[in-house]
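The values are calculated or read from the model by the stated rules, or taken from the named source; none is laboratory data. Because the structure is predicted, anything quoted here is derived from the model rather than measured. Virtual Cβ from ideal backbone geometry, glycine too; neighbours counted across all protein chains shown.
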Amino acid sequence: MDAGVRDLRAADHLLHGLAAELALPEGVFGCTHLVRGERPRVALSLTLPSESLLRTAQERLAAGGHEVSPGIPDAVGRAVLYPGVAALTGTLTIADVLSRSAIDRVTVLGAPGQPAPDALLVTGDHVRPGWQNDELVLTAMPAVGGTLVPFEVPDPTPCCADH
């Protein structure tokens, strides 16, 4: 879906709003996709469990002025809605993240291999994994006290904010 959104925060908000409006079940995937080119923007994709829900979603989105087309813009979307996302709050072990959600793997920037299952992830209640080779992968980075945090933060400081 092309909603004409230009930033990730607005795209996240739109996906959450659509999920609530359409009463989407827990098992759906809602992703954002960066579209480059003459008109940079963030496209959205939804995977829905039934044809009837898909038709209803398409009708409501089109009625709302959104450009809806089948397929996904690319294979590397950033997941906002996914099974288990609601359970990823507070501080969790990597084993908990993997067992409670659709996330297949966690990687740590600058570290070889995967983190230990008992390593702690401070979620900040904002966990946005991305699709890599048909796996949902969360990229984390080292933080204070030997913990990890998701690489993407909910409120990033814009580039050159102090200029």
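Given the structure, is SER99 out of contact with any Asp or Glu (no Cβ under 9 Å at 6 or more places or on another chain), part of a helix (DSSP H, G or I) and surrounded by fewer than 13 Cβ atoms within 10 Å (Cβ to Cβ)? Please lay out each step first, then the result.
Numbers: out of contact with any Asp or Glu (no Cβ under 9 Å at 6 or more places or on another chain): yes; part of a helix (DSSP H, G or I): yes; surrounded by fewer than 13 Cβ atoms within 10 Å (Cβ to Cβ): no.
No, not satisfied.
Out of the residues in the range 104-133 that are charged (D, E, K, R) and either touching a residue at least 40 places away in the same chain (Cβ under 8 Å) or over 21 Å from LEU46 (Cβ atoms) (or both), which is surrounded by the fewest Cβ atoms within 10 Å (Cβ to Cβ)? Reasoning before the result, please.
Quick first cut of the range 104-133, residues charged (D, E, K, R) only: 104-105, 118, 125, 128.
Imposing the further condition that a residue be either touching a residue at least 40 places away in the same chain (Cβ under 8 Å) or over 21 Å from LEU46 (Cβ atoms) (or both) reduces the set to 105, 118, 125, 128.
Values: ARG105: 15, ASP118: 9, ASP125: 12, ARG128: 20.
By that ranking, first place goes to ASP118.
When both residues are 6+ apart or on different chains and their Cβ atoms are under 8 Å apart, which pairs have a first residue that lies in the range 20-49 and is under 27 Å from ALA87 (Cβ atoms), and a second that is of a type in the set (S, T, N, Q) and part of a helix (DSSP H, G or I)?
LEU22/THR56
Name every residue in the range 51-80 that is small (Gly, Ala, Ser) and not in a helix (DSSP H, G or I), in order of residue number. Outline the logic, then answer.
Step one: filter the range 51-80 for residues small (Gly, Ala, Ser), giving 52, 57, 62-65, 69, 71, 75, 77, 79.
Across the range 51-80, the qualifying residues are GLY64, GLY65, SER69, GLY71, ALA75, GLY77, ALA79.
Which of the following residues is touching a strand residue (DSSP E or B) at 6+ places or on another chain (Cβ under 9 Å), at pLDDT below 95 and aliphatic (A, V, I, L, M): ILE103, ILE72? Can you show your working first?
Values: ILE103 fails: at pLDDT below 95.
That would be ILE72, the only listed residue that is touching a strand residue (DSSP E or B) at 6+ places or on another chain (Cβ under 9 Å), at pLDDT below 95 and aliphatic (A, V, I, L, M).
Quick one: count up the residues across the range 12-47 that are surrounded by 13 or more Cβ atoms within 10 Å (Cβ to Cβ), of a type in the set (Gly, Ala, Ser) and out of contact with any strand residue (DSSP E or B) (no Cβ under 7 Å at 6 or more places or on another chain).
The total comes to 1.
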